[in-house]
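Just so it is clear, none of the values below were taken in a lab; they were calculated from the coordinates. All of these numbers come straight from a predicted model, not from anything done at the bench. Don't worry about glycine lacking a Cβ; one is built from the backbone with ideal geometry, like all the others, and counts go over all protein chains shown.
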Amino acid sequence: MFNDQDQESRIKKKYSPAESLARIQRYCAYQERSHKEVKNKLFDYGLYSTQVDEIISQLITDGFLNEERFAKAYAGGKFRIKKWGRVKIKHELKALGLTKNCIQRGLNEIESSDYTKTLRALIKKKASESKESNPFKKRDKIARFVIGKGYEAELVWEYVRDILAD
């Protein structure tokens, strides 16, 4: 059923610690990475946990890994590009194993004025796309959408009521 080439492609190549360090440095230099991402990648290279810990400490020392820098880049990027709210960003950073302090510093990258401007723009855009004629259903659909993007429910409802006032 499977030929030898398929079998070989499913087996991950193992690298020596020196090769792994060089590869992971390029991986980290390309874009900011979380410790968890790097650790998983190193395990994929076939390294043992002691080797992985040594390489991670080397990466931190050399400045290739920095959780605070990662949190700031991640939070800023997800907000600007995907228009995610603070709740979703915080949840995702927590899932990546970042500390509360790093998460908070990352969230501080989002300016309050930009945050409310983006929230209002999302609500207006969704309202203009909505074909719902019932104003209550329309508000509910719009609020659910924006809350799903990770914005705080109280804030969302405040702006939905303000923007879609009858």
Requested in this report: Quick one: what are the phi-derived ³J(HN,Hα) couplings along region 77-88, Karplus 6.51/-1.76/1.60 with θ = phi - 60°, whole Hz, x for glycine and proline?
Outcome: x, 5, 5, 5, 8, 9, 6, 6, x, 4, 4, 5
**Report entry** Between helix 17-30 and the chain: long-axis angle, C-alpha atoms, 0 to 90°, nearest 10
**Finding:** 20 degrees
Query raised in the report: Got the relative contact order for region 36-133 handy, in percent, Cα pairs under 8 Å and 6 or more residues apart?
Result: 27 percent
Query raised in the report: If each Cα of region 16-71 is one equal point scatterer, what is log10 of I(q)/I(0) from the Debye formula at q = 0.17, 0.21, 0.30, 0.31 Å⁻¹?
Result: -0.44, -0.67, -1.40, -1.49
Query raised in the report: Computed over the Cα atoms of region 97-161, what is the ratio Rg over Rh, Rh following Kirkwood?
Result: 1.09
Report summary line: Taking 0.36 nm per residue of separation between Asp114 and Gln31 and subtracting their Cα-Cα distance, the length gained on full extension comes to 27.5 nm
Report task. Note the full-extension length gain between Asp162 and Phe136 as 0.36 nm times their separation in residues minus their Cα-Cα distance, in nm to one decimal. Result -> 8.0 nm
**Report entry** Mean residue ellipticity (222 nm) of the chain, computed from DSSP H runs ≥ 4 via -39,500 (n - 2.57), nearest 500
**Finding:** -22500 deg cm²/dmol
Query raised in the report: In sequence order, what are the phi-derived ³J(HN,Hα) couplings for region 90-99 according to the Karplus relation 6.51 cos²θ - 1.76 cosθ + 1.60 with θ = phi - 60°, rounded to whole Hz, with x for glycine and proline?
Result: 4, 4, 5, 5, 5, 5, 7, x, 7, 6
Query raised in the report: Using mean Cβ contacts within 10 Å as the protection proxy, how do 83-92, 22-31 order, highest first?
Result: 83-92, 22-31
Report task. Return the sequence-ordered ³J(HN,Hα) values of region 140-147 in whole Hz as given by the Karplus equation 6.51 cos²θ - 1.76 cosθ + 1.60 applied to θ = phi - 60°, using x for Gly and Pro. Result -> 4, 4, 5, 4, 4, 4, 5, 5
Query - Expected-Rg normalisation [2.2 N^0.38 Å, Cα atoms] applied to the chain - result: 1.42
